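The values are calculated or read from the model by the stated rules, or taken from the named source; none is laboratory data. Predicted model only: the values in this text are computed from it and were never measured. Counting neighbours? That spans all protein chains shown, and the Cβs are built from the backbone with ideal geometry, glycine included. Ligands, DNA and RNA are excluded from the accessible area calculation, which covers all protein heavy atoms including side chains. Shrake-Rupley method; radii C 1.70, N 1.55, O 1.52, S 1.80 Å.
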Amino acid sequence: GPFHAASQAQPNIALIKYWGKRDAALNLPVVGSISITLDSLWTRTQVRFTPEQTYDRVSLNGRSDEAEAKRVTACLNLLRERAGVAWGADVASQNNFPTAAGLASSASGFAALVHAGANALNLQLSDAELSVLARRCSGSAARSIFGGYVEWAHGQRADGTDSVATPLLDADAWPLRVAVAITSTAAKQIGSSEGMNRTARTSPYQSAWIDTQEADLATARDAIHARDFDALALISEHSCLKMHALAMASQPGLLYWNGATMECMHRVRALRQQGVPVFFTVDAGPQVKAVCAPSAIEQVKAALRDVPGVLDVHDTGLGAGVRAIAK
Ligand code: DP6
């Protein structure tokens with residue numbers, strides 16, 4: 001049919017973290033962030049609009065999920081508004097990785113949805129416009145529009161038109177690898193939006209977090225442009241630990257780690273002390289992402305597999321931004 005399109009997007013992992021919103025309705029962040037887009041994990045999404053249809057039908061990995069369907073409809077509403085239509089859509093989305101395992105499925109999910117939806121409605125949107133729309137559906141999705149190393153600016157404007165992601169460096173220009181240690185498959189306790197909200201209301205460290213982010217972003221940007229692994233390692237671990245310290249200081253404190261998470265972090269540090277180019281980062285969940293030079297990936301995977309409580313270790317390179325695929 002004519003109003004039908006399919007797109008693929010990959011998750012991204014923040015090295016300099018996004019945590020906190022200056023506007024929850026528009027998903028405007030209090031801080032900028034820097035991420036890497038991955039390559040072997042993906043979301044593939046088909047969107048078909050039907051003019052006479054009045055509702056959306058949403059399937060994720062072949063199943064319907066009411067909470068997710070609500071977010072999908074809210075996201076499609078932004079596209080319908082742009083196109084001036086009220087058509088219902090059929091959306092079918094597949095992930096090749098566990099959705100609830102803290103692997104940023106919302107980032108790849110909403111980047112793919114916005115791209116496929118815009119194509120299905122024949123909206124001619126720039127990457128920057130797609131990034132703004134993806135951001136409104138899930139903050140970190142703004143970054144999955146682009147591949148490689150990506151920065152999402154917090155922006156100044158109240159309407160959010162300048163809170164957009166831009167590419168810093170292609171994946172091929174510095175092809176680091178990432179080992180993902182799965183330490184739990186339970187759905188996460190407290191989602192990012194709720195966690196950020198609690199942090200902003202109750203953590204005494206919120207202002208220090210905001211005040212120090214610009215310097216961290218500059219350090220990471222410089223490290224990426226210079227392909228300086230050691231500098232990127234230090235600033236990335238700092239940003240991760242600072243985000244968790246900020247969240248832990250909330251009331252009640254947010255504890256996203258389990259014992260294996262902590263042990264993996266120690267293992268990564270021990271490897272680096274031995275000269276292996278690797279660093280860790282952890283998001284709002286218990287999985288550990290270890291970023292390393294390509295030559296170190298097998299050693300890093302073996303070390304993480306060896307940690308008690310680690311259930312599985314995936315590995316991936318860095319990849320491209322969102323794109324159209326065959327329907
Ligand atoms: C810890 O993008 O999932 O992964 O904007 O509420 O959808 P919403 O939150 P989300 O938050 C991601 C938080 C993080 C850090 C990051 O990816 O920068």
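PRE reach from ALA25 (point 7 Å along Cα→Cβ): which of the range 178-214 fall under 11 Å by backbone N?
Output list for this probe position: empty.
Roll a 1.4 Å probe over the protein chains and send me the accessible area per residue for the range 166-253 in Å².
47
Could you state, as a whole-number percent, how many of the C-alpha pairs of the range 187-327 are farther apart than 25 Å?
Across the range 187-327, Cα pairs with separations above 25 Å total 37 percent.
ARG82 versus GLU66, label points 7 Å from Cα toward the beta carbon: distance in nm?
3.1
Placing unit charges on C-beta atoms (Lys and Arg positive, Asp and Glu negative, everything else neutral), compute the dipole magnitude of the range 193-309 about its Cα centre in debye, rounded to 20.
My answer is approximately 240 debye.
Any idea what angle helix 192-202 forms with the longest principal axis of the chain, computed on alpha-carbon atoms, 0 to 90 degrees, nearest 10?
Once rounded, the angle reads 60 degrees.
With r as the distance between the Cβ atoms of ASP211 and GLN274 and R0 = 35 Å, compute the FRET efficiency 1/(1 + (r/R0)^6) and round to 0.05.
Approximately 0.50, to the nearest 0.05.
Using a Förster distance of 41 angstrom, determine the FRET efficiency expected from the C-beta separation of ASN122 and THR185, and round it to 0.05.
Efficiency computed from Cβ-Cβ geometry: 0.55.
How large is Rg over Rh for the range 59-199, taking Rg from the Cα atoms and Rh as the Kirkwood inverse mean of 1/r across Cα pairs?
Radius of gyration over Kirkwood radius for the range 59-199 works out to 0.97.
HN-Hα J couplings of the range 52-66 from phi, Karplus 6.51/-1.76/1.60, θ = phi - 60°, integer Hz, Gly and Pro as x?
Whole-Hz 3J(HN,Hα) from phi for the range 52-66: 8, 7, 10, 9, 9, 10, 10, 10, 10, 6, x, 10, 8, 9, 5.
What is the angle, in °, between the Cα long axis of helix 229-248 and the longest principal axis of the Cα atoms in the chain? Nearest 10 is fine, range 0 to 90.
Once rounded, the angle reads 70 degrees.
Calculate one ³J(HN,Hα) per residue across the range 317-327 by plugging θ = phi - 60° into the Karplus curve 6.51 cos²θ - 1.76 cosθ + 1.60, and present them in order as whole Hz with x for glycine and proline.
Result, rounded to whole Hz: x, 9, x, 8, x, 5, 7, 6, 10, 4, 6.
Taking amide hydrogens as modeled 1.01 Å from N in the peptide plane, which residues meet the under 5 Å criterion relative to GLY88, leaving out close sequence neighbours?
It is THR50, GLN53, THR54, TYR55, by chain and number.
Taking R0 as 30 Å, what FRET efficiency do you get between ILE325 and ALA74 from their Cβ-Cβ distance, rounded to the nearest 0.05?
After rounding, the FRET efficiency stands at 0.80.
Whole angstrom only: what separates the Cα centroid of the range 85-155 from the Cα centroid of the range 193-228?
The two parts, judged by their Cα centres, are 23 Å apart.
With Cβ to Cβ distances under 12 Å as the rule, what net charge do the other residues near ALA158 carry (K, R +1; D, E -1)?
-1
Over the C-alpha atoms of the range 144-227, what are the Rg and the largest Cα-to-Cα span, Dmax, in Å?
Gyration radius and largest Cα-Cα distance of the range 144-227: 16.3, 42 Å.
Share of the chain's accessible area from carbon and sulfur, percent, 1.4 Å?
That fraction is 52 percent.
Compute the long axis of helix 206-226 from its Cα atoms, compare it with the longest principal axis of the Cα atoms of the chain, and write down the angle in degrees, 0 to 90, nearest 10.
So the inclination is approximately 90 degrees.
Take the alpha-carbon centre of the range 305-325, take the same for the range 268-284, and report the distance between them in whole Å.
Taking the Cα centre of each part, the range 305-325 and the range 268-284 sit 16 Å apart.
Quick check: net charge around LEU76, other residues with Cβ under 13 Å of its Cβ, Lys/Arg +1 and Asp/Glu -1?
Combined, the nearby Lys, Arg, Asp and Glu give +3.
Treating the beta-carbon of each Lys and Arg as +1 and of each Asp and Glu as -1, no other charges, what is the dipole magnitude of the range 2-92 about its Cα centre, to the nearest 20 debye?
For this selection, approximately 200 debye.
How many Å² of accessible area per residue for the range 265-309, probe 1.4 Å?
It amounts to 40 Å² per residue over the range 265-309.
May I ask for the net charge around VAL310, where only other residues with Cβ less than 14 Å from the Cβ of VAL310 are counted and Lys, Arg are +1 while Asp, Glu are -1?
Net local charge, VAL310 excluded: 0.
With no solvent and one equal point scatterer per Cα, compute the Debye intensity ratio I(q)/I(0) for the chain at 0.08, 0.12, 0.14 Å⁻¹ and report its log10, rounded to two decimals.
-0.34, -0.79, -1.08
On a straight-distance basis, which lysines could pair with LYS327 in a cross-link, Cα separation under 27 angstrom, same-chain partners fewer than 8 positions away excluded?
LYS327 reaches LYS70.
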